[in-house]
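Derivation of every value follows stated rules applied to the coordinates shown; laboratory data play no part. In this text, all values refer to a predicted model and were calculated from it rather than measured experimentally. Cβ placement follows ideal geometry from the backbone for every residue including glycine, while neighbour counts extend to all protein chains displayed.
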Amino acid sequence: MPEPLIFALVAAVGLAVGSFLNVCIYRLPRHESLLLPASHCPACGRALTWYENIPVLSWVALRGRCRTCGTRISVMYPLVELAAGAIAVAWYVHFGLSFLFASRLVFALALLVLFVIDLQERILPNMITVPGAIVGLALSFFGPPEQPGWRDSFIGLLAGGGGLWLLAEVWLRVRHEEGMGLGDVKMLAMIGAFLGWKVMFLTVMLSSVLGSVVGFAIIAARIGDRKYQLPFGTFLALVALVMCLAGEPAWSWYVGRFFYR
C-alpha cells in the first residue's frame, strides 16, 4: 500500500476515534451511557444525522451551531478530533505499524480524554484510569524489548499510585488541606503501568514544574490566588503524551546529566 494512503487511513481513523472521544468527554463526567442514546444536541435533544457527525467538517459546515436550535457547539469538539488524528499520525511515524504503535496509541487517546475532562470538570473518571492501569500492566507482558517489561510496569503502577497517594496524605496531615485528589493517584498508576517507573518519575517531575509555572503565571496575571485549583491531571496528561515518544531518551539524558558527570 502506498505510504501516502497509509497516512491518510491512519489520520481518518484517528479523526473518527476522536469523534467518539468527544462522546466520552461529554458523557463520562455526567455518568451517562456511551452507547445510548445516539449522538444528539444537548440543548434541543434532536438526534444528529450521519452527515452531522463527520469529524471536523460537520462543525465547519454548521458554523459551530446546532442546525435546529442554533445553540453554539464548542470548538473543543473539532479540536479533540484534530488532536486524535494528529496523535495517530505522529505515533505511526514514530513507531510504524507495530504492537508498540497500537498500545501507545490506546494510552495516548486515553490521556487526551483525561486532559480535556480534567481541564473542564476537574475530575478524572475511574472508568478510564483504573482499567487503563490494568491494561497497561497486561500489555507489558507481551510488548517488544523497547517497551518497559512487566517488572518496570508493575513497579511504575505501585510507585505511581502509592507514591502520589502517600505524598497527598502527608500534605493533608501537615497543611490540613487537600493537595490533590485520588483521581491524580489513579492516573499516575496508569502512566506508570504503561511507561514504567523511570519515565513515570520524569513525568511527575516535569508535570510539577509545568504546573508551578502555570500557577505562578495565573497569580501574576491576577486570574486566581494561591488557593486556585489547578487541574494537575491535565499537566500529567500533557507531559505523559510527550513521554510516550521521548521517555527513554529523556531518562537516559537525565541520568547521564545528573548522576554520571
Between 0 and 90°, nearest 10: helix 76-95 axis offset from the chain longest Cα axis: 60
Net length gained if the chain between ARG257 and GLN229 were fully extended (0.36 nm per residue, minus Cα distance): 6.7 nm
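Work out, step by step, the length gained on full extension between GLU248 and ALA220: first 0.36 nm times the residue separation, then minus their alpha carbon distance; give nm to one decimal.
Residue separation times 0.36 nm, minus the Cα-Cα distance, leaves 6.6 nm.
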Inter-label distance for LEU36 and VAL209, nm, one decimal - labels placed 7 Å from Cα along Cα-to-Cβ: 5.0
Rel. contact order, % - alpha carbon contacts under 8 angstrom, at least six apart, the range 1-97: 41
Label point distance in nm, VAL60-PHE7, each placed 7 Å from Cα along Cα→Cβ: 1.8
Entry for Rg/Rh (Cα atoms, Kirkwood Rh) (calculated from the structure that is shown) out of (i) 0.93; (ii) 1.02; (iii) 1.00: (iii)
The chain: angle of helix 99-121 to the longest principal axis, Cα-based, in degrees nearest 10: 80
Folded to 0 to 90 degrees: helix 232-258 orientation relative to the chain principal axis, Cα: 40
Other-chain or far-sequence residues with amide H under 5 Å of HIS40's (modelled H): LEU48
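Nothing charged except the Cβ atoms of Lys and Arg (+1) and of Asp and Glu (-1): what's the magnitude of the dipole of the chain about its Cα centre? Round to the nearest 20 debye.
On the way: 19 positive and 14 negative charges, 110 e Å.
Using Cβ point charges on Lys, Arg, Asp and Glu, the chain gives about 520 debye.
Which residues make up the longest stretch of the chain that has no chymotrypsin sites (Phe, Trp or Tyr not before Pro) in a DSSP loop with at most 14 other Cβ atoms within 10 Å? Please list the in-between numbers first.
Values: sites that count: PHE141, PHE142, TYR228, PHE259, TYR260.
Free of exposed loop sites, the longest segment is 1-140.
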Kirkwood Rh and Cα Rg combined as Rg/Rh, the range 1-97: 1.03
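So what's the net charge close to ILE73: Lys and Arg +1, Asp and Glu -1, counting the other residues with Cβ under 14 Å from its Cβ? If you can, show how the numbers build up before the last one.
Numbers: positive: ARG46, ARG63, ARG65, ARG67, ARG72; negative: GLU52, GLU81.
Cβ neighbours under 14 Å give a net charge of +3.
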Mean residue ellipticity (222 nm) of the chain, computed from DSSP H runs ≥ 4 via -39,500 (n - 2.57), nearest 500: -24000 deg cm²/dmol
